[in-house]
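The values are calculated or read from the model by the stated rules, or taken from the named source; none is laboratory data. As the structure is a prediction and not an experimental result, all values here were calculated from the model. Here the Cβ positions follow ideal geometry from the backbone for every residue, glycine too, while neighbour counts run over all protein chains shown.
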């Protein structure tokens, strides 16, 4: 039996180089300090909270592996809801930056989130077309609303009524009554996808935006109380018609028209409101709407499309509109004064342009992705814009009588690149990381991950540190080779290295120079030289480059590499081959062919014995440099291989591809050691540190990630077993949506969904019930046979449970409230019949009344038909009825007694001290906070 080879695990490290992702919205809010202003943005799987005044990151809300797609902040509490690409939602406490609540209900990415005015309920919309209402207090889903046919674009609560408003790409805006769980009204006036809407003027006006440049305005009319009273009778009548449908058809002889009229009347009576289009306001932008928002005082309306422009509209108050109307009436009377005609004041009506006035259009440095505005800690109106180039801009908005001005704009951009990073390099001392993109080069401190130097460059394709780490070379798309002084942050010289793009540079093993390969079919050799700088008075020696010789090729050169022993030179060409030459004579030695597409990356091991090549054909080939034979061809990635590099002094290497994965391989036994998943875009490049303990990678998601070697051993067999279990669990979850007994409505469904945690919860309940049955039998035997000792199950000891009933109750308690319904739903009926007596025992002893009642009500609702059809279960149901009533009444009496005691104590304190308790808190809650806009 061979010796199992062990490796050390490579674990994900910190993320840096990203300001904000373009998959999520931005949320701004006042900071704790005076004059401070903060914003929350998605940054891959995390949420960053930036202090825009200090231009620094103050908080990080950690995610797991899925990208952030939506953010919402609670209006009353210090919580933030974060939606992810897998459909999950987490609630974070901003004080601890931890999440104890996770909602699992959607099947695809969350697109929008919204809290109600109290912050106790949360509504979410997703790409799966569903809308789900969540109870934040009970940490569980309430119900799922189905009705839209395409992706949900926005959701919000209607505070005057218990109503949710939703918009979708199916061109509809729907109003949902949360009491009846029914869509009672649909706005159908849009011709294309609805991307957002706003509620204005005390929720009596609706402004919506779609794929055109038109903002449609709707008047919301709330129906009178007598109409609402009529709805109480008509639904019952409709139910009677539906129940007795066949009887009415035969006996009553009603026509189809009469039935349709009655059903139509019932639907109209169930309406809470109606919407009527009053007009449209045109935006100057021609593209689709992206964001539509207003300030807290609703004085300004801000919107933008997919371009660089922000449009601002003024929303005059009711008093201003009344003054404008009175002014027009006065002008009309003055006009008709000489003629003696009567003035019809009813004919003087305000136009829609008077209510929504275009004011200004501001241009930003890049395309706008998301926008939000609020009051800062100084009660000034600020906006916060998330731009498409990994940048955040914020500024003051000041409203004059006829003009809106934009104050000084603060730009947060230093922490990342504007475009994708195309090349990475480690310094020889492992303390500095160089990253370069199409517009700039950045130097990062390895320990603090802070950007320490930034300087402009041309479109960078490759890079390397010069010996001594005081200079760096950048190969550009234009063919130039740029030499930078890193200490001074200056561009020393720019050399016309190639007539085409410089695709690769590689240092010589003796560190006296480097080689470059370009699209002009040339491989050029360069030496470092010191020359006198003629532009300086001190005649200081500066580093320069000297071109020594050129190797002509027949195709574009994509990659070049030296062997560490300085004997061979490998050149990757556009004809899918790799040519190997002797360095001293430049004579041809080997041709490595076998790839079906060009080799995009390659590297040579430290002992100069192996070369690995990665290609756009998704394969990695391992070659021997002695005879040029292919040791192994590996189908490595699901997309093109973009980067590859050996770990120094080993035969281990890392590869990255457009499939967003980084993989570690062993070139000796051709095994995939570990797959590192974390990037949310195609991996562009990676670099291994000189010590081999750290890997840095860059991807299309604008992020730079560190991967660090740990001391934890990794065994391949165990990793493969974990992968198999993961695949089995994923296949189990893909079996389809569970059918809920008794659920007949196509419009309302259960909020939760089957996931790994609910499956584990079901298994834990089943295991607990099996242990319960065995422990009960053991207790009976120990009581019947005197002197026999009873030894509880080890799991009971671990849960610190004295009795089997306590053990089952503790198992239920350890399941999260958001996953309890899903776990009970998957529980087989045979286990349900075992669980009911246990719940009855808990209620009889008044243990965890709320939790037990919740489980009991859910199980009886789901399995109502099976339980009531079998007389065996009736005695248990009778006991549950009595015990649950007694337990709930006892719970209610305790609550009422405590409330009465607290009320008595409050009155006693008020009488003795002549004060009114909670007066300040009550007045603050009732007082509306309004923006202090400077009006000149």
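Miscellaneous remarks
- Residue list for the range 414-433, restricted to those being within 17 Å of residue 700 (Cα to Cα) and buried (at least 17 other Cβ atoms within 10 Å of the Cβ): 415, 416, 417, 418, 420, 421, 422, 423, 424
- Residue 514 being crowded, with 18+ Cβ neighbours inside 10 Å, under 25 Å from residue 443 (Cβ atoms) and at pLDDT 90 or above: yes
- Residue check for residue 675: buried (at least 16 other Cβ atoms within 10 Å of the Cβ) and either out of contact with any helix residue (DSSP H, G or I) (no Cβ under 6 Å at 6 or more places or on another chain) or in a strand (DSSP E or B) (or both): no
- Counting only residues that are under 14 Å from residue 355 (Cβ atoms) and within 27 Å of the chain's Cα centre (by Cα), the range 200-226 holds 1 of them.
- Residue within the range 354-368 that is buried (at least 16 other Cβ atoms within 10 Å of the Cβ) and touching a helix residue (DSSP H, G or I) at 6+ places or on another chain (Cβ under 9 Å) present: yes
- Close Cβ contacts (under 6 Å, 6 or more residues apart or on different chains) running from residues in the range 329-352 that are over 25 Å from residue 318 (Cβ atoms) to residues that are part of a loop (DSSP other than H, G, I, E, B) and modelled with pLDDT under 70 comprise 336/343.
- Hits in the range 86-99 (condition: surrounded by fewer than 20 Cβ atoms within 10 Å (Cβ to Cβ) and assigned to a loop (DSSP other than H, G, I, E, B)): 86, 94, 95, 96, 97
Condition check ((1) in a loop (DSSP other than H, G, I, E, B); (2) modelled with pLDDT of 95 or more; (3) out of contact with any strand residue (DSSP E or B) (no Cβ under 9 Å at 6 or more places or on another chain); (4) in the same structural domain as residue 703 (by TED's automatic domain parsing)) across all residues:
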{"residue": "53", "(1), (2), (3), (4)": "yes, no, no, no"}
{"residue": "64", "(1), (2), (3), (4)": "yes, no, no, no"}
{"residue": "101", "(1), (2), (3), (4)": "no, no, no, no"}
{"residue": "118", "(1), (2), (3), (4)": "yes, no, yes, no"}
{"residue": "123", "(1), (2), (3), (4)": "no, yes, no, no"}
{"residue": "138", "(1), (2), (3), (4)": "yes, no, yes, no"}
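- Hits in the range 401-422 (condition: in contact with a strand residue (DSSP E or B) (Cβ under 9 Å, 6 or more places away or on another chain) and more than 19 Å from residue 457 (Cα to Cα)): 402, 403, 404, 405, 406, 407, 408, 409, 410, 411, 412
- Residues considered: 601, 630, 643, 559. Of these, the only one that is in contact with a strand residue (DSSP E or B) (Cβ under 8 Å, 6 or more places away or on another chain) and exposed (fewer than 15 other Cβ atoms within 10 Å of the Cβ) is 630.
- Residue in the range 423-435 that is closer than 28 Å to residue 554 by Cβ, assigned to a strand (DSSP E or B) and touching a strand residue (DSSP E or B) at 6+ places or on another chain (Cβ under 7 Å) present: yes
- Which listed residue is part of a loop (DSSP other than H, G, I, E, B), surrounded by 18 or more Cβ atoms within 10 Å (Cβ to Cβ) and not assigned by TED's automatic domain parsing to the domain that holds residue 627, from 566, 498: 498
- Residues of the range 613-640 classified as farther than 19 Å from residue 659 by Cα and outside any loop (DSSP other than H, G, I, E, B), total: 6
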